[in-house]
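This report refers to the structure that appears directly beneath it.
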């Protein structure tokens, strides 16, 4: 086996093979290197045509979900808490019996007032008879005006006693009714603050709270100038009736229901220069139990969400892919492929755009060719090889 030197220097090559052969070898190596570094032609780029596109105008704000109804359940009378009829954290219907207080003392008072009314009615009946007798004897030798006057006074006093007794009976009935605490609204009920066996009264504080579930409010502040722009944009389309509200939930998914703006605060916040808007949106149950009891809903009271204010009808505007738009200190720009496939910078003004589509307010004309892929290889004045953009991958891949 022949062993070659580990490193061939020019001197060793010249000594072994001669100067002409070494020179020829180096010339071939230089030519090969130059050929490897020569450009392979204009860079390939993906291009699109600026064309009218149907755009759904959308604006994003940060909002908070709020229940429409929130009711604190409070005892209206003083009594022992006798029974609780709901499951903490479950949903209740309007009118459902939630608590029952001790009723026996109030039932006794009611019976006492019923007796008082009966007694007052009997006295009134006797006073009416006495008055009638006195009036019938007035024109006889046995009749006296003073007797009639006394009978009239007694009759009126007895009538007043009947009204007083009936009012006290009604009060007793109201107090007895207060021993049953029912749901004034439908919604989800919190845990009970006072357990069975304790004395409750109006001063005891809320026993529990019911938070309505469907529909819900979404409140979101909007800068004064932004609201003015929204109102101007949709003025000829019906104002705020021409927009719908969508929500992006905290996990990033878009909520399936849409809402409508039903309230705009009449004043601007002095600290944030914003105006509060409110939308109303449905919040149906996601699933139910076997007995139909709602288990989950997407919107939770006081949760933060992203509010998307969108136009009901799409508008047609000149548009290009958002990825074709670049920015520097002077503003937004794109690369346009001109005559001879030369790239040139074109300054543009963007309109109401989306994360995917850029709406062109000015700077481009319909039909102009814009570089959307391979932008990093483009320089002003550089000749490019335009071609169609790569197809978008199928959703979910």
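Bear in mind that the values in this text are calculations on the coordinates, not laboratory data. Predicted model only: the values in this text are computed from it and were never measured. Cβ placement follows ideal geometry from the backbone for every residue including glycine, while neighbour counts extend to all protein chains displayed.
With the simple model of a label 7 Å out from the Cα in the direction of the Cβ, residue 198 to residue 385 spans 8.1 nm.
Can you give the FRET efficiency to the nearest 0.05 for residue 170 and residue 296, using r as the Cβ-Cβ distance and R₀ = 56 Å? Efficiency, rounded to the nearest 0.05: 0.80. Compute the FRET efficiency between residue 228 and residue 129 as 1/(1 + (r/R0)^6), taking r as their Cβ-Cβ distance and R0 = 56 Å, and round to the nearest 0.05. That gives a FRET efficiency of 0.10.
In what sequence do 111, 216 fall when counting other Cβ within 10 Å, fewest first?
Numbers: 111 12, 216 25.
With the sparsest Cβ surroundings first, the list reads 111, 216.
Shape of segment 127-244 from its Cα gyration tensor (a ≥ b ≥ c, root eigenvalues): rounded if a/c is under 1.5, otherwise prolate when a/b > b/c, or oblate? Since a/c reaches 1.5 but b/c is at least a/b, the shape of segment 127-244 is classed as oblate.
For a quick protection proxy, order the peptides 78-87, 229-238, 97-106 by their average other-Cβ count within 10 Å, most packed first. List each step's numbers first, then the result.
Working: 78-87: 15.7, 229-238: 13.3, 97-106: 17.5.
With the highest mean Cβ count within 10 Å placed first, the list reads 97-106, 78-87, 229-238.
Extension gain, residue 159 to residue 376: 0.36 nm times the residue separation minus the Cα-Cα distance gives 68.2 nm. Extension gain, residue 74 to residue 87: 0.36 nm times the residue separation minus the Cα-Cα distance gives 2.9 nm. Placing dummy labels 7 Å off each Cα toward the beta-carbon, the span from residue 349 to residue 178 is 6.8 nm.
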